[in-house]
Structures are given as C-alpha cells and as structure tokens.
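Engineer: Sharing a structure below in structure tokens format, with a few things to ask.
The values are calculated or read from the model by the stated rules, or taken from the named source; none is laboratory data. Treat the numbers as computed from the prediction; the structure is a model and nothing was measured. Don't worry about glycine lacking a Cβ; one is built from the backbone with ideal geometry, like all the others, and counts go over all protein chains shown.
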Amino acid sequence: MSGNLVVIGTQWGDEGKGKIVDWLTDQFAAVVRFQGGHNAGHTLVIQGEKTVLHLIPSGILRPQVRCLIGNGVVLSLSALVEELETLAQAGIATAGRLQVSGACNLILPYHIALDQARERALGNLAIGTTGRGIGPCYEDKAARRGIRLYELLDADHFSQRVRAVMAYHNAILQQVFGAAEPLACQPVIDAALAYRERIKPLIADVPAELHALSQAGQRILFEGAQGALLDIDHGTYPYVTSSNTLAGAAASGSGVGPRALHYVLGIVKAYTTRVGSGPFPTELDDAVGQQLGERGHEFGATTGRKRRCGWLDIVALRRSLQLNSVSGLCVTKLDVLDGLETLKLCVAYRYQGQELTTPPIDGRQFAACEPVYEELPGWADNTAGITCYDDLPAAAKSYLARIAALCDTPLAVISTGPDRTETMVLDAQLDHMQVADR
C-alpha cells in the first residue's frame with residue numbers, strides 16, 4: 001500500500017489499536033496521535049515484554065520512526081514526562097524522535113479536580129470518566145480559555161493565565177460542588193514550570209513537520225485513541241469521550257488536509273467490550289461474558305477497570321464503518337473465542353416492537369434496545385498465534401467472512417494474540433506488510 005494510513009477503533013475503544021500501529025509502523029516514517037489524552041491506553045507486547053503507552057504514539061518502539069503528538073491531544077505534562085522516563089528505563093530512546101504540537105491544550109490540576117467533583121455529584125448517573133481532567137480541559141479549549149503548551153515558555157505570561165483561569169474554576173468548585181477551600185494557584189504554576197526545560201525541546205510546529213514529510217514522499221500513520229462509538233458527536237452521548245474519535249479528526253487534530261488520508265483501517269474486536277457507563281445492547285452478564293473477560297484479559301490499560309463484555313454488535317459496527325469511511329477491517333482477539341460452542345452476532349435491534357438496523361440517536365432508546373442475534377457454530381481448535389489464514393478452523397473463517405459480509409467491508413488484518421508477530425494480512429493493498437518482514 002502506498003500513501004498515508006489512519007488507524008481507528010470502531011467500537012467503544014480497547015480494540016487493540018496499539019499493537020496494530022506498532023506492527024505497521026516499520027513501513028512509515030512517522031506516527032501521529034491526533035486526539036484524546038492520557039485517558040487512552042495502548043498495550044504493546046513484543047517478544048513477551050509488555051509496554052503500556054498513554055500519550056506517546058505506539059510507533060515509539062520502532063527506533064527509526066518519528067512520533068508526533070498533534071494539536072487535537074490534551075496534554076498532561078506530568079503524564080508525558082513519566083512516560084518518557086518509563087521508556088528511558090526500558091532502554092527506548094526518544095530524543096530527536098518525539099515532537100509535540102505547541103497548540104496542545106494543557107491539562108492542569110484544576111481540570112482533574114473538576115472532573116472528579118462532577119462525577120461524584122452525578123452519583124449513579126456518572127459517565128464513568130477516568131477522572132484525569134480530560135473533559136474539563138476540552139471544555140476550556142472550546143470556551144477559548146484553555147492554556148496551550150507554547151504558553152509555558154513565557155513564565156510571566158503563563159502565571160497570569162493560570163491565575164485568571166483558576167479564579168473562574170475555583171468559583172465553580174466552591175459554589176457548585178461545595179469545595180471547602182480554593183485550589184492554590186502557585187503550586188499549580190510551579191509544578192508546570194518545573195517541566196519547562198524538559199518539554200521545551202519537544203515543542204514543534206506539527207503541521208509544518210507533516211507537510212515536510214509529505215513533500216519528501218514519506219508515509220505517515222495517524223493513530224486514534226478510544227473508539228468511534230465514543231465520539232463526542234456521533235457516539236452514545238452523553239456516555240462518550242470529549243473529543244472527536246473518528247478518522248476525519250486525524251486531519252483537524254494533526255494539521256493536514258483530508259486528501260492526505262488515503263486508507264482507513266478500522267480495528268474491531270471479535271466480540272464487544274465497553275468500559276464505564278452507557279448503553280451496551282449485547283452485554284453478557286453470564287458465564288460467557290465472564291469467560292470473554294477472563295480469556296481476553298479485559299481490564300483497562302489506563303485505569304485497570306474491568307471491561308463489560310458481550311457479543312459482536314454488527315448494528316453499531318456498521319454505523320461506525322460508515323462514519324469513518326473504513327477501507328478495511330482488522331479483527332483482533334479472535335483467539336478469545338476459541339472453545340465456544342456457539343457464537344452470536346447482533347444483526348438488528350428490537351425497540352418497542354420494531355426491528356431496527358441502525359442505532360437510535362437517542363441514548364435512552366439505545367439503552368432500551370434488545371439485540372436480535374444470528375447464531376454461528378464455534379470451534380474447538382486453538383487459533384492463538386496462527387499467522388496463516390488457511391490454518392484457521394473452518395468455523396473461524398466462516399465467522400470472519402460473515403462479519404465482512406454483514407458490514408460490506410473487506411477483511412484486511414486478523415490478530416490472533418497480543419504479540420506483534422501474531423498477525424496476518426489479507427488485504428491486497430497491505431500485502432507487502434507480511435509478518436515475515438517484521
């Protein structure tokens with residue numbers, strides 16, 4: 001395949017994007033994160049060694065690949081520095097390879113305080129955020145009072161900006177959420193400025209860098225965080241994240257035009273999971289759901305929260321593929337289904353006696369939908385680690401083919417385990433990216 005690639009999650013996140021990005025990146029000059037914050041978590045396993053990344057693009061494990069954090073990302077300075085130190089301890093060099101857009105909005109302690117206070121106040125109606133300040137930071141960005149990374153370079157200016165914004169947020173914390181004391185400004189300012197010298201060499205004009213790469217004929221991979229069903233506009237609102245998670249956000253969140261996005265690879269788990277609150281029509285509260293969670297190690301990479309598990313939801317998946325103009329599907333965690341006698345695909349919803357083939361926009365209606373299932377035979381054989389499609393059990397190939405047919409989208413990649421080598425490619429446009437070349 002020639003050209004640039006966008007990798008996005010097509011469900012509620014946790015589809016295994018990090019592994020796929022890492023697997024693909026030796027064919028690209030640069031990897032760009034274009035939205036989200038350190039509420040995202042990508043777990044990579046290379047030769048049995050696990051690395052969890054939250055902000056830095058997954059391509060950082062490839063020594064020749066440049067990694068860029070685009071303006072659409074909200075940035076925690078402490079989280080970024082902690083991640084840099086973790087990589088350094090693992091012997092992974094980042095100097096000269098990692099660049100961060102100066103236009104990134106900063107997550108500061110008052111964002112975290114607001115996030116957590118709001119979730120406490122919502123009680124049983126809490127959205128289930130990570131409590132890391134992501135939403136309030138995006139709110140400040142939209143309200144045009146956000147503080148950007150480049151402002152950190154001028155200490156006096158930065159201090160004035162923080163004091164002005166904190167006066168506003170302290171009033172909310174005290175008057176709306178009943179905080180006993182306002183947050184002190186100076187510790188917030190001092191803590192941020194302490195990172196200035198470490199962060200300064202990383203700040204770059206990311207759109208200019210990407211343009212230069214394109215002009216030089218270099219290929220770029222755009223890495224999304226979370227999943228399409230968590231998109232602030234098109235997800236299961238209000239149980240969504242605070243950014244646009246769709247493939248189109250790669251353009252605005254990094255600073256390239258939409259014609260620079262040539263192929264969209266949609267990552268989908270062979271079943272469905274969700275972290276936090278929100279509607280989930282195919283959720284299983286039985287032994288099968290428990291088995292999926294245990295075999296799939298379904299715990300959040302960022303928070304460690306247990307993920308809710310259920311059958312693959314084709315109705316929601318089809319909507320996601322349409323929203324993202326997905327070129328090809330990458331199905332992950334196929335091996336988790338090994339040993340199940342019967343598999344189910346949700347091909348429609350039933351709502352108030354009517355059968356729906358598209359998800360309701362109204363979240364209350366979505367939550368009231370019941371799944372209409374199509375059953376397929378499972379397989380007893382072990383698929384873990386298989387890297388040749390012909391070696392898969394016949395029932396596994398039938399299951400994959402049915403997903404592709406129902407979604408009217410070709411299968412591009414199949415993942416049968418967490419390691420980067422446990423991957424097979426099917427799409428002719430990706431056929432030079434064989435595992436043997438890894």
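Engineer: Of everything in segment 191-207 that's touching a residue at least 12 places away in the same chain (Cβ under 8 Å) and of a type in the set (G, A, S), which residue is nearest to L152 (Cα to Cα)?
Structural biologist: Filtering segment 191-207 for residues that are touching a residue at least 12 places away in the same chain (Cβ under 8 Å) and of a type in the set (G, A, S), the one nearest to L152 (Cα to Cα) comes out as A192.
Engineer: Given the options C309, C330, C346, name the one that is assigned to a strand (DSSP E or B), at pLDDT 95 or above and out of contact with any Phe, Trp or Tyr (no Cβ under 9 Å at 6 or more places or on another chain).
Structural biologist: C330 is the lone residue from the list that is assigned to a strand (DSSP E or B), at pLDDT 95 or above and out of contact with any Phe, Trp or Tyr (no Cβ under 9 Å at 6 or more places or on another chain).
Engineer: Checking C67 against (1) within 23 Å of F34 (Cβ to Cβ); (2) surrounded by fewer than 23 Cβ atoms within 10 Å (Cβ to Cβ), which test does it fail?
Structural biologist: The failed condition is (2).
Engineer: Something else now. Would you call Q160 over 26 Å from the mean Cα position of the chain (by Cα), at pLDDT below 95, among the polar types (S, T, N, Q) and loosely packed, with under 15 Cβ neighbours inside 10 Å?
Structural biologist: No.
Engineer: Among the residues of segment 104-124 satisfying the criterion of being touching a strand residue (DSSP E or B) at 6+ places or on another chain (Cβ under 9 Å) and in contact (Cβ under 8 Å) with a residue 60 or more places away in the chain, which is surrounded by the fewest Cβ atoms within 10 Å (Cβ to Cβ)?
Structural biologist: Looking at the filtered set, the residue picked out is L106.
Engineer: Please go through segment 355-384 and give me each residue that is β-branched (V, I, T) and in contact with a helix residue (DSSP H, G or I) (Cβ under 8 Å, 6 or more places away or on another chain), ordered by number.
Structural biologist: T357, T358, T383 - these are the residues of segment 355-384 that are β-branched (V, I, T) and in contact with a helix residue (DSSP H, G or I) (Cβ under 8 Å, 6 or more places away or on another chain).
Engineer: Do we find that Y373 is part of a strand (DSSP E or B) and not hydrophobic (A, V, I, L, M, F, W, C) in this structure?
Structural biologist: Answer is yes for this residue.
Engineer: Which one of R118, R132, R148, R144 is of a type in the set (K, R) and over 26 Å from S254 (Cα atoms)?
Structural biologist: R118
Engineer: Only one of these conditions is not met by R259: (1) without any contact (Cβ under 8 Å) to a residue 60 or more places away in the chain; (2) in a strand (DSSP E or B). Which number is it?
Structural biologist: Only one criterion in (1) without any contact (Cβ under 8 Å) to a residue 60 or more places away in the chain; (2) in a strand (DSSP E or B) is unmet by R259, namely (2).
Engineer: With the condition kept exactly as written, say whether any residue in segment 111-133 is of a type outside the set (A, V, I, L, M), over 20 Å from the mean Cα position of the chain (by Cα) and at pLDDT 95 or above.
Structural biologist: Yes: segment 111-133 contains one or more residues that are of a type outside the set (A, V, I, L, M), over 20 Å from the mean Cα position of the chain (by Cα) and at pLDDT 95 or above.
Engineer: Let me ask another. If you go through segment 63-79 one residue at a time, do you hit one that is in a loop (DSSP other than H, G, I, E, B), in the same structural domain as A191 (by TED's automatic domain parsing) and closer than 20 Å to Q226 by Cα?
Structural biologist: Taking every residue of segment 63-79 in turn, none turns out to be in a loop (DSSP other than H, G, I, E, B), in the same structural domain as A191 (by TED's automatic domain parsing) and closer than 20 Å to Q226 by Cα.
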